[in-house]
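Quick note: the coordinates plus some simple rules give every number you see, no bench work behind them. It should be emphasised that the depicted structure is a prediction, and the values quoted were computed from it without experimental measurement. Every residue, glycine among them, receives a Cβ derived from its backbone with ideal geometry; neighbour counts consider all protein chains shown.
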Amino acid sequence: MIVGCVSQAGEQAFALGRNLVLVSKLPDSVPAVTIDRQCDSSQQAIHFAAQAIMSGTQDVVIAAGAESMTRVPMGSNFQLHGSAGIGVGPWPKSIQNRYGVTEFSQFHGAQMIADKYDFTREDMDTYALGSHVKAAAAIDSGAFKAEIIPVVTPQGVFDTDDGVRRGGTMEAMAAVKELEKGGSITAANASQMTDGASAAMIVSEAALKRKTVCPLSD
């Protein structure tokens with residue numbers, strides 16, 4: 001199992017991938033590793049799984065991603081050390097001097113990318129609104145219902161993404177203040193803080209024939 005996770009602190013610390021194996025019905029002989037490539041962590045897990053299959057070193061790999069931004073807030077894995085007075089943080093003077101910044105911000109970085117490729121505020125608002133419209137339609141039609149595992153909580157069964165905004169309009173999105181003055185990124189066209197997890201089983205052709213299962217994609 002390969003698991004992507006950004007904030008490896010608190011409940012997500014100490015080999016999250018291995019802990020997921022231990023709490024699952026998988027044999028404890030199944031090895032696991034946890035990786036961090038920031039926002040691309042779970043996608044990188046897919047890449048590594050595919051590479052393992054393509055190289056012939058593995059026949060079956062579970063690639064997953066998990067992040068709880070409410071229980072393990074963004075930046076927890078280095079802010080806790082800073083508040084305790086331990087270490088100097090992830091950006092030493094050598095990096096600060098090389099790039100002329102005291103820290104790297106994904107928000108500023110995203111704006112730099114938008115500027116480089118000439119993404120306008122209207123472009124981004126249109127794309128974001130369309131994304132929510134499509135997500136709502138998928139929920140209503142049950143398009144992904146077979147791929148969603150309901151989670152039972154004390155408050156009831158949770159089986160629907162509550163990050164989807166319904167009833168949005170371009171006018172309402174245009175009224176949201178931009179993150180940087182003169183920029184195009186806002187809270188309305190950016191991804192929200194959320195909790196979520198996903199997993200996919202990547203298998204070789206030989207393993208597929210042994211298991212006689214139908215793949216979602218090949």
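Annotations for the structure displayed:
- Test: residue in the stretch 87-105 that is β-branched (Val, Ile, Thr), closer than 15 Å to residue 200 by Cα and in a helix (DSSP H, G or I): no
- Inside the stretch 136-145, residues that are surrounded by 12 or more Cβ atoms within 10 Å (Cβ to Cβ) and in a loop (DSSP other than H, G, I, E, B) make up a count of 1.
- Residue identified as surrounded by 13 or more Cβ atoms within 10 Å (Cβ to Cβ), without any contact (Cβ under 8 Å) to a residue 24 or more places away in the chain, closer than 20 Å to residue 198 by Cα and not small (Gly, Ala, Ser) among 95, 148: 148
- Test: residue in the stretch 40-59 that is part of a strand (DSSP E or B) and surrounded by 13 or more Cβ atoms within 10 Å (Cβ to Cβ): no
- Of residues in the stretch 108-123 being more than 18 Å from residue 181 (Cβ to Cβ) and acidic (Asp, Glu), the one surrounded by the fewest Cβ atoms within 10 Å (Cβ to Cβ): 118
- Residue 7 over 30 Å from residue 218 (Cα atoms) and buried (at least 18 other Cβ atoms within 10 Å of the Cβ): yes
- Residue in the stretch 80-91 that is surrounded by 12 or more Cβ atoms within 10 Å (Cβ to Cβ), in contact (Cβ under 8 Å) with a residue 40 or more places away in the chain and more than 19 Å from the chain's Cα centre (by Cα) present: yes
- Condition check for residue 15: surrounded by 14 or more Cβ atoms within 10 Å (Cβ to Cβ) and in contact (Cβ under 8 Å) with a residue 24 or more places away in the chain: no
- Subset of the stretch 60-72 [of a type outside the set (Asp, Glu) and surrounded by 14 or more Cβ atoms within 10 Å (Cβ to Cβ)]: 60, 61, 62, 63, 64, 65, 66, 68, 69, 72
- Hits in the stretch 147-176 (condition: over 25 Å from the mean Cα position of the chain (by Cα), more than 18 Å from residue 136 (Cβ to Cβ) and of a type in the set (A, V, I, L, M, F, W, C)): 174, 175
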